[in-house]
Amino acid sequence: MKINTYIFKIAMVIGLLFFIPQNVEAQFLKKLKEKAEKKIEREAEKRAERRVNKKIDKEFDKAEDVLDGKKPESNKSAEKTSSDNKSAETNSEKNISSTKPSVVWSKFDFIPGDEVIFEDIPSADEENGEFPSRWDLVNGQVEIANVDGETVIMFVDGGEIVPYLKNSSVDYLPEIFTIEFDFYKPAGGNRLSFYLTDQKNQRGKKVYDNSQVFDVTPLRVSPPEGSSVEHSGRDYNYCKNGCWTHVSIAYTKGKLKVYLDDTRLVNIPHYSFNPTGFTMYPYFASAKDNVPFYVKNIRIAKGGVKYYDRFLSEGKIIVNGIKFDVNKATLKPESMGPINEIYQLMIDNPTVNFSVEGHTDSDGGDDTNMTLSKARGQSVMDKLISMGIASNRLKYDGFGESKPIDNNTTPEGKANNRRVEFVKF
C-alpha cells in the first residue's frame, strides 16, 4: 500500500513537470526515482527482518515449551517427534530437576541450659505496686502489677533493672548460658533493650556507647557491632495493638544467637565482647501515657552437655526447657527446640526408645501434681508421635513432686525440679 502511494505521488509530480524546463525536469526525476528506490529497499528490508524475528521467536518458544514439559500448540510436526527426541527431553528434565538442592535449615534450634542459675516468675505472693523482689533498680520506676489475672513486672516510667544476686559485681554469666524472657510491647510502644552486662553493679564494664546493647521489638532484633536490622518475617501490622513476645538468647563460648518466639534472627559466630551480666531497659515506657511495658518468666541457665552425650553417660536426658501453660499440659511454642532435638536423636538412632516422664515442683497438692506430671509426659509423647516417631518407641509416666533433683525453697531450685525426663527403656 505504501509503495502504491509513492508511485501515485511520483505520477503527480511528473504531471507538473510539463511546466518545468527540460534539463531541470531530468535532474528532478532522477533524484525522485533514487529516493523512491531507496524507500522501497528499506521497506523490503524491514519486512524481511520482521519475518526473521518471528521465526526466531517461534523457535525460542518451542525450546521453552520443551524445557517446561509442554508441547508446541501450533506445530503439528512437533507432535510427531521421534522417540529418541522424547527420551532426550525426558532426560533433560531429569537433569534439570536433579540440580535442585535439598535444603535442611533450622531457624529454631534453641536448647535451654540445663541448670537454672536465676529465675523470676512473679507470683501472687509479690505485693501489687511494690518493686519486684528478685531485681535491682538502675533507674526509672518499676513495679509489680496484675495483668489479665497474671502477676508481671511493669515498667511504669522508663526503668532499667538487673538481677538481684549476691555476687553481681563479678561476671555471673558462664561461658555457656541461655537467657529467656517474655515481654509485652503495648500499642504505640517503642522497643525493649537488653545488655549482656550488669549496668549497675559492674561499673567498670558499664556500657556507655551501646556497644553491647540489643534492641528488640516483636518484629526484629537489632544487634550491636554495626549489624543490620534482622526481620522476623512478620508484617508491620503484627502487634499493632500490642502483643507478647518470647525472647531466647544462647551463648556458647563466643557464639551468640538471639531468637524471637520460634525464629532465630541473630547468629553471630564470634561475638567480640565477653558477656558478664544482664540488664533490661524498655525505651520510653510510660504508664501515664498508656504505654507501659510488661515482662515475665525470666530465666538464666547454664548450658550443658549435648542430649546424646547425656543419654550415653546416664541413660536418660533431663530437660527443663520444655514448658507448659500454668497448671496445664499444653505445650508452649518455645518447647519445640528441645523436642526437635529429641526427635532428631531418635531418628538418627532408631534403636533408642524413651519413657517420657513429667516432674513438678512442690507447689500445689500431691495428687494434683501427680496428675499434672502424667498429663505433661503424655503431651510430649503425643507430640513426638505426631512428628513421625513410631508409637511403640515411646511411653509416658509422671511422678509429680516425688523425685526432686534440687531444693524447693528457691525459684531456681523449683525451676530445676519442673522438668521432663527421657528415660531409656
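Read the figures in this text as sums done on the coordinates, not as results from a lab. Remember, it's a predicted structure, so these values are computed and weren't measured experimentally. Neighbour counts run over all protein chains shown; Cβ positions are idealised from the backbone, glycine included.
Here are a few things to note about the model shown:
- Rounded FRET efficiency, nearest 0.05, which uses the C-beta distance separating Arg393 from Glu225 and R0 of 35 Å: 0.20
- Using R0 = 22 Å, the C-beta based FRET efficiency linking Asp109 and Ser272 works out to 0.45.
- With the cut-off at under 13 Å, measuring from each backbone N in segment 253-290 to a point 7 Å along the Cα-to-Cβ line of Gln141 picks out 285-290.
- Modelled this way, with points 7 Å down the Cα-to-C-beta line, the labels at Ala287 and Asp262 are 3.5 nm from one another.
- Protection-proxy order for peptides 159-169, 387-397, each taking the mean of Cβ atoms within 10 Å per residue, highest first: 159-169, 387-397
- In order along segment 161-169, the phi-based Karplus estimate (6.51 cos²θ - 1.76 cosθ + 1.60, θ = phi - 60°) of 3J(HN,Hα) comes to 10, 9, x, 8, 10, 5, 10, 6, 6 Hz; Gly and Pro are listed as x.
- In the structure shown, the pairs Lys240/Lys328; Lys288/Lys323; Lys255/Lys306; Lys332/Lys395; Lys185/Lys414; Lys255/Lys302 are assessed against 24 Å; a Cα-Cα span above that value is assigned to Lys240/Lys328; Lys288/Lys323; Lys185/Lys414.
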